[in-house]
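J.: Below you will find the structure I want to go over with you.
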Amino acid sequence: EAQVTQNPRYLITVTGKKLTVTCSQNMNHEYMSWYRQDPGLGLRQIYYSMNVEVTDKGDVPEGYKVSRKEKRNFPLILESPSPNQTSLYFCASSHPRGQISNNEQFFGPGTRLTVL
Amino acid sequence: GQQLNQSPQSMFIQEGEDVSMNCTSSSIFNTWLWYKQDPGEGPVLLIALYKAGELTSNGRLTAQFGITRKDSFLNISASIPSDVGIYFCAGHSKGANSKLTFGKGITLSVRP
């Protein structure tokens, strides 16, 4: 089944304790992205990757890191989490349509992160 | 930056009713997408639109790409309880690798 998977689905942690949220897709998509979803703010892009070893900042990259060593995986790293990073996180991937690389994005099930 | 406007924030309808949702922008968009998010899940793509004036259906859902390229609408006909969720519009404004802009979503409630 074509899908985007994220782990963990739920995580409660404390301020400053490094964590990684994994994201994997089995559709051979080139484009992958991370979003956070907060009440009243909608989906905001954190980082994206056009292909292996190519990553770039989205709208809200502060406090996050990503890597894209393989096409299928795009982990999100919080080196020193803070309470304002408590949020619902989504990973997404897409295949190019014509010249547009990030069109019909497929989303993972989400990771609910709480930072105490 | 680019913005997509969806209002109202919430809609309440009776089962069996039709409902229409709008998404507008002050800028021209080249692609319009409609997503639905069920509680506790990630957004799922419902319909994608690529040409101005395009009208596309997916079961009871119909969406149109506005002629001005600054708006799109989504129609749900004969609503059922499982239509409950958040409906997002999204679009590409210009350029091959411009980011996908999302509206803030409309929460739809369906009364049985």
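The values are calculated or read from the model by the stated rules, or taken from the named source; none is laboratory data. Just so you know, these numbers come straight off a predicted model, no measurement behind them. Neighbour counts are summed over all protein chains in view; Cβ atoms, including those assigned to glycine, are modelled from backbone coordinates with ideal geometry.
J.: Among B:Ile47, B:Ile86, B:Ile76, which is the only one that is touching a helix residue (DSSP H, G or I) at 6+ places or on another chain (Cβ under 8 Å) and either within 14 Å of chain A (Cβ to nearest Cβ) or modelled with pLDDT of 95 or more (or both)?
T.: Numbers: B:Ile47 fails: touching a helix residue (DSSP H, G or I) at 6+ places or on another chain (Cβ under 8 Å); B:Ile86 fails: touching a helix residue (DSSP H, G or I) at 6+ places or on another chain (Cβ under 8 Å).
After applying the criteria, what remains is B:Ile76.
J.: Does the range A:53-62 contain at least one residue that is at positive phi, among the charged types (D, E, K, R) and more than 13 Å from the chain's Cα centre (by Cα)? It would help to see each step written out before you state the result.
T.: First, pick out the residues of the range A:53-62 that are at positive phi: A:53.
When the remaining residues are screened for being among the charged types (D, E, K, R), the result is A:53.
Still in the list and also more than 13 Å from the chain's Cα centre (by Cα): A:53.
The answer is yes, given that some residue of the range A:53-62 is at positive phi, among the charged types (D, E, K, R) and more than 13 Å from the chain's Cα centre (by Cα).
J.: I'd like to check which strands (runs of 3 or more DSSP E) are fully inside the range B:40-112 and have at least 1 residues that are touching a Ser or Thr at 6+ places or on another chain (Cβ under 9 Å) and over 25 Å from A:Ala92 (Cα atoms).
T.: Details: elements: B:44-49, B:55-58, B:61-65, B:71-76, B:85-92, B:100-102, B:106-111.
Where strands (runs of 3 or more DSSP E) fall fully within the range B:40-112 and carry at least 1 residues being touching a Ser or Thr at 6+ places or on another chain (Cβ under 9 Å) and over 25 Å from A:Ala92 (Cα atoms), they are B:55-58, B:71-76, B:106-111.
J.: Same structure, new question: Can you tell me which residues in the range A:5-60 are basic (Lys, Arg) and either under 19 Å from A:Arg112 (Cα atoms) or touching a helix residue (DSSP H, G or I) at 6+ places or on another chain (Cβ under 8 Å) (or both)?
T.: Of all residues in the range A:5-60, those basic (Lys, Arg) come to A:9, A:17-18, A:36, A:44, A:57.
Answer for the range A:5-60, where residues must be basic (Lys, Arg) and either under 19 Å from A:Arg112 (Cα atoms) or touching a helix residue (DSSP H, G or I) at 6+ places or on another chain (Cβ under 8 Å) (or both): A:Arg9, A:Lys17, A:Lys18, A:Arg36, A:Arg44.
J.: Considering the range A:15-61 alone, what residues qualify as being part of a loop (DSSP other than H, G, I, E, B), touching a residue at least 12 places away in the same chain (Cβ under 8 Å), of a type outside the set (Val, Ile, Thr) and more than 19 Å from B:Lys99 (Cβ to Cβ)?
T.: If we filter the range A:15-61 for residues that are part of a loop (DSSP other than H, G, I, E, B), which is where we start, we get A:15-18, A:26-30, A:39-41, A:52-53, A:58-61.
Right, trim to touching a residue at least 12 places away in the same chain (Cβ under 8 Å) and you get A:15-18, A:26-30, A:52-53, A:58-61.
Those left that are additionally of a type outside the set (Val, Ile, Thr): A:16-18, A:26-30, A:53, A:58-59, A:61.
Hits for the range A:15-61 are A:Gly16, A:Lys17, A:Lys18, A:Asn26, A:Met27, A:Asn28, A:Glu53.
J.: I'd like the residue in the range B:63-87 that is under 22 Å from B:Glu15 (Cα atoms) and surrounded by fewer than 17 Cβ atoms within 10 Å (Cβ to Cβ) and, out of all such residues, is nearest to the chain's Cα centre (by Cα). Spell out how you get there, then give the answer.
T.: Going through the range B:63-87, the residues under 22 Å from B:Glu15 (Cα atoms) turn out to be B:63, B:73-87.
Okay, now just the ones that are also surrounded by fewer than 17 Cβ atoms within 10 Å (Cβ to Cβ), so B:75, B:77-78, B:80-82, B:84.
Working: B:Asn75: 9, B:Ser77: 14, B:Ala78: 17, B:Ile80: 17, B:Pro81: 18, B:Ser82: 17, B:Val84: 14 Å.
Of everything passing the filter in the range B:63-87, B:Asn75 is nearest to the chain's Cα centre (by Cα).
J.: Since A:Thr111 meets every condition but one in (1) among the β-branched types (Val, Ile, Thr); (2) surrounded by fewer than 21 Cβ atoms within 10 Å (Cβ to Cβ); (3) in contact with a Lys or Arg (Cβ under 7 Å, 6 or more places away or on another chain); (4) more than 19 Å from B:His92 (Cα to Cα), which condition does it not meet?
T.: Exception for A:Thr111: condition (2).
J.: Report, by residue number, each residue of the range A:40-91 that is more than 14 Å from A:Thr22 (Cβ to Cβ), within 11 Å of chain B (Cβ to nearest Cβ) and crowded, with 16+ Cβ neighbours inside 10 Å.
T.: Passing the criteria: A:Gly42, A:Leu43, A:Gln45, A:Tyr48, A:Met50, A:Gly58, A:Leu88.
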